[in-house]
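As structure tokens, the structure follows; a few thoughts come after it.
The values are calculated or read from the model by the stated rules, or taken from the named source; none is laboratory data. Since the structure is predicted, the reported quantities are computational estimates derived from the model, not experimental observations. Here the Cβ is made from the backbone with ideal geometry for all residues, glycine too, and neighbour counts use every protein chain on show. Accessible surface areas use protein heavy atoms only, side chains included; no ligands, DNA or RNA. Shrake-Rupley method; radii C 1.70, N 1.55, O 1.52, S 1.80 Å.
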Amino acid sequence: MEDIRIDSLAEVPFEAVADAFLAAFADYGMTLDNESLAAMLKRRGARFDLSFAAFAGNRIVSFIINGVGEFAGQITAYDTGTGTVKEFRGRGLTDRIFNYSVSRLVEAGVERYLLEVLTHNAPAVKIYSRQGFSVVREFECYTAPNAQAVALLSAKAAAAVRVEAVSVADIERHAEFMDFAPSWQNSLESVKRNPEAFLCVMAYDGERPIGWGVSETAYGDITLLAVDRRYRRRGVGSRLLLELIKKNHIGSAKVLNIEDSEAAGPAKRFLESVGFSLSCRQYEMVRGLQ
């Protein structure tokens with residue numbers, strides 16, 4: 001058996017990290033290229049000095065890429081991606097890297113570890129549970145073809161509502177429109193890490209902001225959508241979502257990580273009414289570090 005060492009990714013060229021990432025997820029149907037992977041990791045706050053890998057010689061064969069930032073009032077590490085290349089699976093490398101990662105994150109003052117995992121990925125859920133993670137929320141993810149969503153939204157949208165492009169800072173001033181706390185990758189902090197990648201729009205009643213939406217148009221990702229409770233069921237959300245989908249650069253739209261809760265019920269019913277269907281479910285899992 002080859003000698004395996006665990007070390008930081010701080011000095012590893014991005015191309016080597018990308019090669020390992022794409023190789024590890026090659027049999028999962030993932031279609032990222034280096035550019036889209038770099039954008040995803042920037043949005044999720046990847047810190048390569050606090051990310052770690054198992055090396056066989058100079059080759060990365062297993063890894064954990066961590067984002068670090070403030071989330072829900074605590075310094076948090078977010079597992080942006082954990083993977084092992086196929087021929088090195090079943091050797092306990094993920095556990096070894098997690099143990100190494102945890103000790104380094106504690107030294108760096110990180111207070112908790114956060115991740116998301118597909119609910120049907122039983123082996124991964126088992127690994128994370130063994131590592132001390134507990135499920136704190138369940139998320140639902142939705143998708144729709146652009147053409148179908150645009151047709152349904154056009155019939156519901158409030159045509160008289162004025163919609164303008166705005167900054168992330170403008171959106172943040174009206175964060176109270178949200179019904180639930182967004183996941184790490186959908187948080188305003190994540191949007192602010194790479195603001196040029198996002199389209200932010202605001203709806204107005206006269207000069208009064210009454211709703212807003214955020215989309216990463218290159219990937220069809222509807223990141224955030226919120227309407228003032230006093231203006232709901234008037235076509236405002238439909239108008240905002242219509243404007244975002246029209247700017248998509250791909251043929252479908254996706255909405256990730258809608259909280260499975262009573263508070264998020266109106267959002268889910270709205271999405272289903274305009275042609276979105278459930279694509280997958282995820283667990284949000286957390287482990288305390290301090």
Mind listing just one residue for me: the one in region 151-179 that is in a helix (DSSP H, G or I) and of a type in the set (D, E) and, of those, most open to solvent (accessible area, probe 1.4 Å)? E176
Quick one: would you say L114 is open to solvent by less than 30 Å² (accessible area, probe 1.4 Å), modelled with pLDDT of 95 or more, more than 22 Å from the chain's Cα centre (by Cα) and within 23 Å of D221 (Cα to Cα)? no
Looking at T82, T94, which is the one that is part of a strand (DSSP E or B), open to solvent by 10 Å² or more (accessible area, probe 1.4 Å) and closer than 21 Å to A24 by Cα? T82
Of the residues that make up region 143-150, is at least one modelled with pLDDT of 95 or more, more than 22 Å from the chain's Cα centre (by Cα) and in a strand (DSSP E or B)? no
Taking the criterion of being modelled with pLDDT of 95 or more, closer than 30 Å to I222 by Cβ, under 23 Å from the mean Cα position of the chain (by Cα) and open to solvent by 10 Å² or more (accessible area, probe 1.4 Å), would at least one residue in region 15-34 satisfy it? no
Confirm whether S101 is polar (S, T, N, Q) and open to solvent by less than 50 Å² (accessible area, probe 1.4 Å). yes
Give the residues of region 228-266 that are under 19 Å from I210 (Cβ atoms) and either surrounded by 21 or more Cβ atoms within 10 Å (Cβ to Cβ) or touching a Ser or Thr at 6+ places or on another chain (Cβ under 8 Å) (or both), sorted by residue number. V236, G237, S238, R239, L240, L241, L242, L244
Odd one out for I250, checked against (1) closer than 18 Å to M178 by Cβ; (2) in a loop (DSSP other than H, G, I, E, B); (3) touching a residue at least 24 places away in the same chain (Cβ under 8 Å): (1)
Here are some conditions: (1) in contact with a Phe, Trp or Tyr (Cβ under 8 Å, 6 or more places away or on another chain); (2) not in a strand (DSSP E or B). A77 meets all but one. Which one does it not meet? (2)
Those residues that are of a type in the set (V, I, T), in contact (Cβ under 8 Å) with a residue 60 or more places away in the chain and not in a loop (DSSP other than H, G, I, E, B), I need them from region 97-140; list them, please. I97, V102, V106, V117, V125, V135, V136
Could you list, ordered by first residue, the pairs with Cβ atoms under 6 Å in which the first is in region 151-166 and among the aliphatic types (A, V, I, L, M) and the second is part of a strand (DSSP E or B), at least 6 apart or interchain? V161/A203; V163/V201; V163/A203; A165/V201; V166/C200; V166/M202
Give the residues of region 267-286 that are outside any helix (DSSP H, G or I) and either touching an Asp or Glu at 6+ places or on another chain (Cβ under 8 Å) or surrounded by fewer than 18 Cβ atoms within 10 Å (Cβ to Cβ) (or both), sorted by residue number. S277, L278, S279, C280, R281, Q282, Y283, E284, M285
Test P182 against the criterion of being surrounded by 15 or more Cβ atoms within 10 Å (Cβ to Cβ) and either of a type outside the set (D, E, K, R) or out of contact with any Leu (no Cβ under 6 Å at 6 or more places or on another chain) (or both), and give yes or no. yes
